[in-house]
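Nothing in this text is a laboratory measurement; each read-out follows from the coordinates by a stated rule. What you see is a predicted model, and the numbers here were worked out from it, not measured in a lab. No Cβ is skipped: glycine too gets one built from the backbone with ideal geometry, and neighbour counts run over all protein chains shown.
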Amino acid sequence: MSVLHTRRRFLETLGLGAGAGLLMPFVRGAAAQEAGQIPRRVVFVITGNGLHGRPLISPLAREALGGPRGAMVEVAGDLAQAPGLGALAGGPDRVDLTPHAVALHGLSSKITGGGHTAGYKALSCSKDRRQTIDAWLSRRLHTDQPFTALRFGITESPGAQLQYGMCLDGPGRDMPIIVNPIDAHTALFGSIAQGAGQRQFESKAALLDFARGDIAAVQRQFVGSARERQKLDVYLAAVEELGAQQARLRLAGDDLRALAEREGIDPDGGAALDAAHPLDRLASQFELATAALLGDLTPVMVITNSVEYAFAHTRYTSLADLFGVPVEEVPWRHGVCHGAPESEVYRAVLDRVIERQVELIARMARRLAAVPEGDGTMLDHTAIVFMSDNGDAHHSTAANWPMLLVGGGALGLRTGGRTLVYPPHGQAANPRVSNVFNTLGHVVGHPIDDFGGEPERATHGGPLAELLG
């Protein structure tokens, strides 16, 4: 029996019924244990055009980076003292996340090419258009949640709806990223909305029914090549998956209403999440993503911040005071990056963008940590990965790919408030980004040792032992 249905049965056993939405966090763990199925989740937070290492380097780690690096150096005790990681520290009213976090420096992924952006190659560790790690994981972790995976993000345009090219389910299947909070809200709650969201949901369902019938008619009369028929089959599979998603959302109506009530979300109020500033829209997407995780709507979440070439024209207008100029004069990120070597202000802006994303990750992590699940919390069963789409710089060589991992303790992910400084690319002990993805496969119960397309997989494959509990 699925976790979703068992949780509902558990509530009914308590005599609480569908109106028990506010109590749902307290019975999740018990329901999951009754079913013998505790969800395993992975969240990818991907920032576009470089995760500069500065904000993730603690004082002790900086010393390690300046010393001999023939082998991995493990630094402990001062992770939250890194300039951009202060949000991980505990306080009178917040959980200390440092024991649940680890920073990685020195990973490489030369096969991606780096540059301004590696696009899908960042998540596939390959030059070829092959399945990215988010899709690989979603196919193995999905049970009966409404969504196999959710991908939310932002671009420079508040009017944009979808972005492609970052996530693939295979060579011919780009997975869309919803880059407008209103559309993301509708995707989650449109099935229980009463106004425009409900009309949009029903229109989509009708369109999918029409598309299925249309494709079936074409298949019956198709006389093209096998390659063209394969394209048609891929299209049909995508339409059928969307139809199944719509059906799962209808079945999850009671759970969605309980989730909306508990999180204070108006199913018809998506417009309230929209904002003019990109970083504010990103915060809205984090709120929706966190709600989706709390409601067990998906096992895999991707949250992107102006990935691919969307970075170039993104303007951090909410940081106008830091720039010291009026909002209308805030420059594009591309210019900020080029001016950063000579401008202390521009460097501070880029650092602040990373720091803000860590703050949003920390908020998500603490909300997950507040929900009991199994013998721990939802955070213990969720691995959050913060990384870039090209490495550590505006013009990246892909030789250094900083990352921050949070959570996943019950999955077997070893964090411990450490910073791991690896030998640089070119040395035999230098690990690859694909090693981290292999590690994720191992901790979620689907071991893989050769993810990606790197030719060195035979000598540089497998998980990172230092990240396994």
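Tabulated data for the structure shown
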| quantity | calculated |
| --- | --- |
| Residue 370-residue 143 pseudo-label distance in nm [points 7 Å out on the Cα-to-Cβ vector] | 2.5 nm |
| Pair residue 71, residue 456: separation of 7 Å Cα→Cβ label points (nm) | 1.9 nm |
| Gain on full stretching of the segment that runs from residue 334 to residue 81 - 0.36 nm per residue minus C-alpha separation | 88.2 nm |
| Derived scalar couplings ³J(HN,Hα) [the stretch 125-137; Karplus, 6.51 cos²θ - 1.76 cosθ + 1.60; whole Hz; x for Gly, Pro] | 6, 7, 7, 7, 7, 10, 4, 7, 5, 4, 5, 4, 5 |
| Gained length - residue 342 relative to residue 96, 0.36 nm times residue gap less alpha-carbon distance | 85.0 nm |
| Packing-based order for 153-161, 84-92, using average beta carbon neighbours within 10 Å, highest first | 153-161, 84-92 |
| Pairwise FRET efficiency - residue 427 versus residue 272, Cβ, R0 = 51 Å, nearest 0.05 | 0.50 |
| Cβ-based charge dipole, the stretch 57-183, positive-most Cα from 123, 161, 142 | 123 |
| Per-residue ³J(HN,Hα) for the stretch 391-402, Karplus 6.51 cos²θ - 1.76 cosθ + 1.60, θ = phi - 60°, Hz, x for Gly and Pro | x, 10, 8, 4, 10, 7, 8, 6, 7, 9, 9, x |
| Shape of the stretch 119-186, Cα gyration tensor, a/c cut at 1.5 | oblate |
| Cα gyration tensor category, rounded, prolate or oblate, for the stretch 54-136 with a/c compared to 1.5 | oblate |
| Distance-filtered residues of the stretch 296-329 - backbone nitrogen under 19 Å, label point 7 angstrom along residue 164 Cα→Cβ | 304, 306-311 |
| Cut-off 13 Å between beta-carbons: net charge of the residues surrounding residue 121, Lys and Arg +1, Asp and Glu -1 | +1 |
| Residues with amide H under 5 Å from that of residue 162, placed H, sequence gap 5 or more | 179 |
| Sequence ranges 317-330, 54-67, 378-391, ranked by mean other-Cβ count within 10 angstrom, highest first | 378-391, 54-67, 317-330 |
| Segments 180-186, 286-292 sorted - mean Cβ within 10 Å per residue, highest first | 180-186, 286-292 |
